[in-house]
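Worksheet: the structure to be examined is printed underneath.
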Amino acid sequence: MGEVIVVTSGKGGVGKTTTTANIGTGLAKLGKSVVLIDTDIGLRNLDVVMGLENRIVYNLVDVIEGNCRINQALIKDKRTPNLYLLPSAQTKDKNAVSPEQMKKLAEQLKDDFDYIIMDCPAGIEQGFKNAIAGATRALIVTTPEMSAVRDADRIIGLLEAAEMPQTDLIVNRIRPDMVKKEEMLSSEDVVEVLHINLIGVVPDDENIVISTNKGEPLVGSNTMSGRAFMNISRRIIGEDVPWLDLFEKNGFFSKFFSKFKKKD
Amino acid sequence: MFENFFRKKSSGSVAKDRLKLVLVSDRANCSPELMEQMKTDIINVISRYVEIDTKGLDIKITQTESAEGNGSVPALIANIPISEMKVKNS
């Protein structure tokens, strides 16, 4: 039986889709079978981030309306085994789908996949309700900005009201240099105000921009964000992974020298 | 202590403080006006018995661990310095 996870945030532009793409790909790389569902009807995005935009035939609304079978709409990611995408519809609006229908779809997919990951639209309206309907676990993505954290708090409240069994936090786009100077909220600060379990911290990394340009999730690559996303994937499957040292320099020399000054 | 005196408060801690206040009123669904009203009422009641140092007064809603230990609950914390105990004559 698969687990249904919703990736949500409240505020837009904090990295939900990037997180969904990377964690989904990460879980598949760890040997799990994964399907990613873009639930943002009308504003299709996940296909582009995954680099699968040219292979869409059917979409989520086609499946819900019965225009095709689920298997016909699932796009197989050829680079990673056992990774599939169910794209969103671009021309319909978010009322084309109801929470009950999403729940039913998730139940059907549970038989065939280890993880069903819902990429939730921004906001707290119908699209949000659709995305969380079938989920038993939520990942809340926020950035260390007041507006994003405030919206995350609202989402946490709504998930509590919806009796979501498990909710974890991802703090995205941390800039360690600014945190050090106390010019940015730290992940500890965010956890303190939100009172919620932290499952990952992802540094602000220009490699993300490059990876999105190419349509290739960077999870597992030797970049700070690539490692951070892989760690989150590992924590999701229940592994106990030590926290990344975000203050570590990524250059050749500091890596070279760090071999000589092991901390313990 | 002295650091704060010479150095401006970092924007990170300003953000944290502002955020805490915003979230308290979001969660409690309690507007600043309502809060002010409640504060005035509390002062009025307590003033009947003791003399209050209104300058040092601090009344706020914060999050505290619930007694059952299952997460946090909002709590009204009032720090009311008493300048003089009134002697009740009657």
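Key figures for this structure:
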{"quantity": "Lone qualifier among A:Glu192, A:Glu188 - being open to solvent by 80 Å² or more (accessible area, probe 1.4 Å) and closer than 24 Å to A:Arg234 by Cβ", "calculated": "A:Glu188"}
{"quantity": "Complete set of residues in the range A:153-175 that are at the interface with chain B (Cβ under 10 Å from one of its Cβ atoms) and open to solvent by 40 Å² or more (accessible area, probe 1.4 Å)", "calculated": "A:Arg154, A:Glu160"}
{"quantity": "Criterion violated by A:Lys29 - all others in (1) open to solvent by less than 50 Å² (accessible area, probe 1.4 Å); (2) under 12 Å from A:Leu83 (Cβ atoms) satisfied", "calculated": "(1)"}
{"quantity": "Evaluation of A:Asn231 against (1) surrounded by fewer than 17 Cβ atoms within 10 Å (Cβ to Cβ); (2) under 23 Å from A:Lys29 (Cα atoms) (one fails), failing number", "calculated": "(1)"}
{"quantity": "Top-ranked residue of the range B:43-62 - restricted to ones that are closer than 22 Å to A:Leu185 by Cβ and not basic (Lys, Arg), ranked as nearest to the other protein chains (Cβ to nearest Cβ)", "calculated": "B:Thr62"}
{"quantity": "Residue match in the range A:80-88 (condition: open to solvent by 60 Å² or more (accessible area, probe 1.4 Å) and over 18 Å from A:Thr39 (Cβ atoms))", "calculated": "yes"}
{"quantity": "Qualifying position, being modelled with pLDDT of 95 or more, among the hydrophobic types (A, V, I, L, M, F, W, C) and touching a Pro at 6+ places or on another chain (Cβ under 6 Å), among A:Ala28, A:Ala21, A:Ala106", "calculated": "A:Ala21"}
{"quantity": "Residue, farthest from the other protein chains (Cβ to nearest Cβ), within the range B:23-42, restricted to residues that are open to solvent by 40 Å² or more (accessible area, probe 1.4 Å), in contact with a helix residue (DSSP H, G or I) (Cβ under 8 Å, 6 or more places away or on another chain) and modelled with pLDDT of 75 or more", "calculated": "B:Ser25"}
{"quantity": "Any chance A:Val34 is open to solvent by less than 10 Å² (accessible area, probe 1.4 Å), farther than 25 Å from A:Asn95 by Cα and modelled with pLDDT of 95 or more", "calculated": "yes"}
{"quantity": "All positions within the range A:165-207 that are touching a strand residue (DSSP E or B) at 6+ places or on another chain (Cβ under 7 Å) and of a type in the set (Gly, Ala, Ser)", "calculated": "A:Ser187, A:Gly200"}
{"quantity": "Flag if B:Lys88 is farther than 24 Å from A:Ile155 by Cα, at pLDDT below 80 and open to solvent by 100 Å² or more (accessible area, probe 1.4 Å)", "calculated": "yes"}
{"quantity": "Of all residues making up the range A:176-196, the number that are within 11 Å of chain B (Cβ to nearest Cβ) and either farther than 15 Å from A:Gly10 by Cβ or aromatic (Phe, Trp, Tyr) (or both)", "calculated": "13"}
{"quantity": "Restricting the range A:42-61 to residues that are out of contact with any helix residue (DSSP H, G or I) (no Cβ under 6 Å at 6 or more places or on another chain) and in a helix (DSSP H, G or I), the residue that is nearest to A:Gln108 (Cα to Cα)", "calculated": "A:Leu60"}
{"quantity": "Neighbours by Cβ (under 8 Å, 6+ apart or cross-chain): first from the range A:175-195, on the phi > 0 side of the Ramachandran plot; second in a loop (DSSP other than H, G, I, E, B) and modelled with pLDDT under 95", "calculated": "A:Glu182/B:Ser10; A:His195/B:Gly71"}
{"quantity": "Number of the exception - A:Ile199 against (1) outside any strand (DSSP E or B); (2) at pLDDT 95 or above", "calculated": "(1)"}
{"quantity": "Count of the range A:206-223 residues which are touching a residue at least 12 places away in the same chain (Cβ under 8 Å) and surrounded by fewer than 21 Cβ atoms within 10 Å (Cβ to Cβ)", "calculated": "8"}
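The values are calculated or read from the model by the stated rules, or taken from the named source; none is laboratory data. All figures in this text were calculated on a predicted structure; none of them were measured in a lab. All Cβ positions, glycine included, derive from the backbone under ideal geometry; neighbour counts span all protein chains shown. Side chains are part of the model used for accessible areas, which takes the heavy atoms of the whole protein and leaves out ligands, DNA and RNA. Shrake-Rupley method; radii C 1.70, N 1.55, O 1.52, S 1.80 Å.
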